[in-house]
1. Among the residues of the range 340-354, write down those that are closer than 25 Å to residue 120 by Cβ and outside any strand (DSSP E or B).
2. Could you say which residue among 122, 129 is buried (at least 17 other Cβ atoms within 10 Å of the Cβ) and touching a strand residue (DSSP E or B) at 6+ places or on another chain (Cβ under 8 Å)?
3. Only one of these conditions is not met by residue 272: (1) in contact with a strand residue (DSSP E or B) (Cβ under 9 Å, 6 or more places away or on another chain); (2) not in a strand (DSSP E or B). Which number is it?
4. Identify, from the list 69, 78, 103, the residue that is closer than 18 Å to residue 356 by Cα and either surrounded by fewer than 22 Cβ atoms within 10 Å (Cβ to Cβ) or more than 16 Å from the chain's Cα centre (by Cα) (or both).
5. Regarding residue 110, is this residue modelled with pLDDT of 95 or more and surrounded by fewer than 21 Cβ atoms within 10 Å (Cβ to Cβ)?
6. Could you tell me which residue of the range 135-150 is farthest from the chain's Cα centre (by Cα), considering only residues that are outside any loop (DSSP other than H, G, I, E, B) and crowded, with 22+ Cβ neighbours inside 10 Å?
7. In the range 309-339, how many are under 16 Å from residue 45 (Cα atoms) and outside any strand (DSSP E or B)?
8. Do we have any residue at all in the range 253-269 that's surrounded by 13 or more Cβ atoms within 10 Å (Cβ to Cβ), over 18 Å from the mean Cα position of the chain (by Cα), in a strand (DSSP E or B) and at pLDDT 95 or above?
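The values are calculated or read from the model by the stated rules, or taken from the named source; none is laboratory data. Treat the numbers as computed from the prediction; the structure is a model and nothing was measured. For neighbour counting, all protein chains shown are included, and Cβ atoms are generated from backbone atoms with ideal geometry for every residue, glycine included.
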């Protein structure tokens, strides 16, 4: 999310950014229907009881800090401010019925959406211990029945740094069945990338003491890009029961990865210094890779299930991974791409109400 928000900022727009003990278990009862207005294939979505109005010199009473999209669900993290402090709340809006469910509510402990897919929401709870240390809980929450949430991992992080520095957050991904995440190894130990199958035991995909970037496809394969021993190269591997190398690059061309059916998208760049404009499409089964390049004036913001998503001055443009065809997406310069669609808004939308997103399901 942070990477996408930075891209939008560089396009002269603003995206809302993506600490303590639990005080309430998730409520499984549904809240009143959320605001969902259908207009053809596009709709707007918001939490009607989240008031973003501010008193001069104070924080908003309620902010939508983070938003994510599944095929039939919109998930948001709200932060409410009061004299007593902050309350974080994760909610899910059923895009079919408009009903809102509270997934998790905590005081002073930060909530972050890691991923959303099908019936599964992955949440990260972060308790700030001070001095660059934090305790993290990774949760898998069935958004239709949040009372059955389960904790997948408890992780102690040390030496966290600010800015654009890579930190070993879980960065969990799910395809709706399997889950993959990074388990930090502490101050001196190596990190593990862990794969939890739908019905199987946990397996360690790889261990490394260097920054690693990974994604999970629908078949449960894990694509991993990590730096070599000398940090001169970044290697791309795929794990499907065994690890196979798909490619290698010099560090100055390093980037993160995106998973498609039978193809790994290897982005050139991280979006921290400047937005990326090219994705190398690497076939998992072998063969020559090819480049998906953003058009002039456009930048890469992520991917849907079948397309590389870019944003331009005119709005979102989508590059088909299989054939290379480019088509128009939603006409918004502020956009977040997900496997099932795009969340977007215009600058006018943002100025009118920063809590509202438009939904384009693909």
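1. 340
2. On inspection, the qualifying residue turns out to be 122.
3. (1)
4. 78
5. The answer is yes for residue 110.
6. It comes out as 146.
7. The total comes to 2.
8. Yes, the range 253-269 contains at least one residue that is surrounded by 13 or more Cβ atoms within 10 Å (Cβ to Cβ), over 18 Å from the mean Cα position of the chain (by Cα), in a strand (DSSP E or B) and at pLDDT 95 or above.
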